[in-house]
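Trainee: Got a structure for you, written out below as structure tokens; questions coming shortly.
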Amino acid sequence: MDALAGLKTITSESVQVCLTSPPFYLMRRYGTTSAWPDGWHGELGHEPHPNDFVRHLLHVFDEVWRVLRDDGCLWVNLADTFNNKQGKKGTTNAPNGCNGRFAAGGKGYATALRKQPEFFKHYVPGIAHKSEMGVPYRFHLAMTDPALRRFVGAPEGPQWTCRRTIIWAKSLVALESQKAEGNAMPEPTRDRPSRNYEFLFLFSKQPDYLFDRSAIDVPSRASSRNEDRANAGSVWQTQAKVLSDTDPGPEALLRINPEASPYRHVAMWPRSLVRTMLLPTTREGDTVLDPFAGSGTTGQVAVEMNRKAILIESSPACQAALTDRLKRSNGQLFY
Ligand SMILES: C[S@@+](CC[C@H](N)C(=O)[O-])C[C@H]1O[C@@H](n2cnc3c(N)ncnc32)[C@H](O)[C@@H]1O
């Protein structure tokens, strides 16, 4: 079911936490189009302008506001996209028949996407060629400032409090030693640094909300006493290790057999990331919501942590994936 339609079926103030990774602007195609309240009909993430995309996200998160408890919160994972004139070989927005490399997903991904009529992303007039479009910043500002909400053309709606922007680091480089650790997606471009991070925005409905920081505190480096803990901070690194779904470690990702899996192009969250978002913001028995559930990582981790999960997902391939995953975790599914 479409995120907006699915959210409308959920009881008001019944959810403790929403955590979600919507499609990023002009990145992947999931093959799901829907009708939006402003009259546009199309796939979320492929709107003519980033402000249109942000407006559609606001429609979704206005409903999330309604279903969240007043002491609840919302985590949104986003990253930016470059504006690029079509025709540049080697990028995901290359024109028809490009035989070049594709920055995201490799050759199989490119071949699969080429079969879709609207594969190639468009150029956004008004934003410079090769510039980041600032999509996460537009989104942050429109969620938190009514003037910016109007700027993207959204009707009046809730004003969120952004409590922290967290950097989810896929890899890190220590400047002094020049040593890299982690495993970010390589990028072929030579005239800028690659992006080895994504944002996690933490929003609340009101200044006071359920957040137990001690649940994610880390061992203190300043103290020799084992029990001393310190603030985990706001740069969270994952190692991008690919382990099996049944691996007990919190770092695990779903192992995907690239030949067999129909949903290998969903950008899946590592389980450790979901766990770190849920630990301070939920208690056992609480209800967790993901309106862009993908392969169901949120649901799987929530169920493992004795939370209830409501998952919404519009792509049939992803629904099949998350049904399969949740069955293995003994979870109950609604979509
Ligand atoms: C980045 S993926 C989420 C991945 C997920 N966090 C995981 O770990 O698997 C975004 C998902 O949103 C879904 N989607 C796109 N547009 C949607 C819509 N309008 N309503 C519901 N789901 C949608 C896509 O099919 C895709 O599975």
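Read the figures in this text as sums done on the coordinates, not as results from a lab. Bear in mind that the values here come from a model prediction, so they are computed numbers and not experimental data. Cβ sites come from the backbone with ideal geometry, for glycine too, and all protein chains shown count toward neighbours.
Trainee: What nm value, rounded to one decimal, do you get for the distance between GLU132 and GLU13 when each label is placed 7 Å out toward the C-beta?
Mentor: 3.9 nm
Trainee: Now, a different point. In a shell of Cβ-Cβ distance under 14 Å around PHE211, excluding PHE211 itself, what net charge do Lys and Arg (+1) and Asp and Glu (-1) give?
Mentor: Result for the local shell: 0.
Trainee: For the pair SER224 and MET1, what calculated FRET efficiency results from E = 1/(1 + (r/R0)^6), where r is the Cβ-Cβ distance and R0 = 51 Å, to the nearest 0.05?
Mentor: About 0.45, to the nearest 0.05.
Trainee: Moving on. With θ set to phi - 60° and the Karplus curve 6.51 cos²θ - 1.76 cosθ + 1.60, what are the ³J(HN,Hα) couplings of segment 309-316 in order, to the nearest whole Hz, using x for Gly and Pro?
Mentor: 10, 10, 10, 10, 8, 9, 8, x
Trainee: So, one more: Short version: ³J(HN,Hα) in whole Hz for each residue of segment 164-171, in order, from phi by Karplus 6.51 cos²θ - 1.76 cosθ + 1.60 (θ = phi - 60°), x for Gly and Pro, what are they?
Mentor: Result, ordered by residue: 5, 9, 9, 8, 8, 8, 7, 7 Hz.
Trainee: So, one more: Can you pull the one-decimal nm distance between simple spin-label points at ARG283 and THR33, each 7 Å off the Cα toward Cβ?
Mentor: 4.7 nm
Trainee: Among the listed pairs LYS130/LYS170; LYS85/LYS205; LYS121/LYS170; LYS121/LYS327; LYS8/LYS327, give every one whose C-alpha distance is greater than 28 Å.
Mentor: Check vs 28 Å cut-off fails for LYS85/LYS205; LYS121/LYS327.
Trainee: On to the next question. Would you mind checking which residues have amide H under 5 Å from ILE310's amide H? H placed 1.01 Å from N; only 5 or more apart, or other chain.
Mentor: VAL288, LEU289, ASP290
Trainee: Non-local amide H neighbours of ASN83 (under 5 Å, H modeled in plane, Pro and chain starts lacking H): which ones?
Mentor: LYS130, SER131, GLU132, MET133
Trainee: Hey, with R₀ at 22 Å, roughly what FRET efficiency would GLU181 and SER214 work out to, going by the Cβ-Cβ distance, to 0.05?
Mentor: Values: r = 27 Å, r/R0 = 1.22.
In this case the efficiency is close to 0.25.
Trainee: What number comes out for the charge environment of LEU68, summing +1 per Lys or Arg and -1 per Asp or Glu over other residues with Cβ under 10 Å away?
Mentor: Neighbour charge sum, excluding LEU68 itself: -1.
Trainee: Next question, about the same structure. Under 5 Å between amide H atoms, partner at least 5 residues away or on a different chain: which partners does TYR197 have, H built in plane at 1.01 Å?
Mentor: Distant-sequence amide H within range of TYR197: LYS170.
Trainee: Apply the Karplus parameterisation 6.51 cos²θ - 1.76 cosθ + 1.60, with θ equal to phi minus 60°, to every residue of segment 218-230 and state each ³J(HN,Hα) to the nearest whole Hz, in sequence, with x for glycine and proline.
Mentor: Going residue by residue, I get 10, x, 6, 7, 7, 10, 8, 6, 4, 7, 6, 10, 9 Hz, with x marking Gly and Pro.
Trainee: Continuing with this model, one more query. Dividing the convex hull volume of the Cα atoms of segment 143-212 by its residue count, what figure in Å³ per residue is obtained?
Mentor: Here the figure is 180 Å³ per residue.
Trainee: What is the gain in length, in nm to one decimal, between GLN159 and LYS327 on full extension, counting 0.36 nm per residue of separation less the C-alpha to C-alpha distance?
Mentor: Details: separation 168, 0.36 × 168 = 60.48 nm, distance 3.72 nm.
Working it through step by step, the gained length comes to 56.8 nm.
Trainee: Just to confirm a number: summing +1 for Lys and Arg and -1 for Asp and Glu over residues other than LEU322 whose beta-carbon lies under 10 angstrom from that of LEU322, what do you get?
Mentor: The answer is -1.
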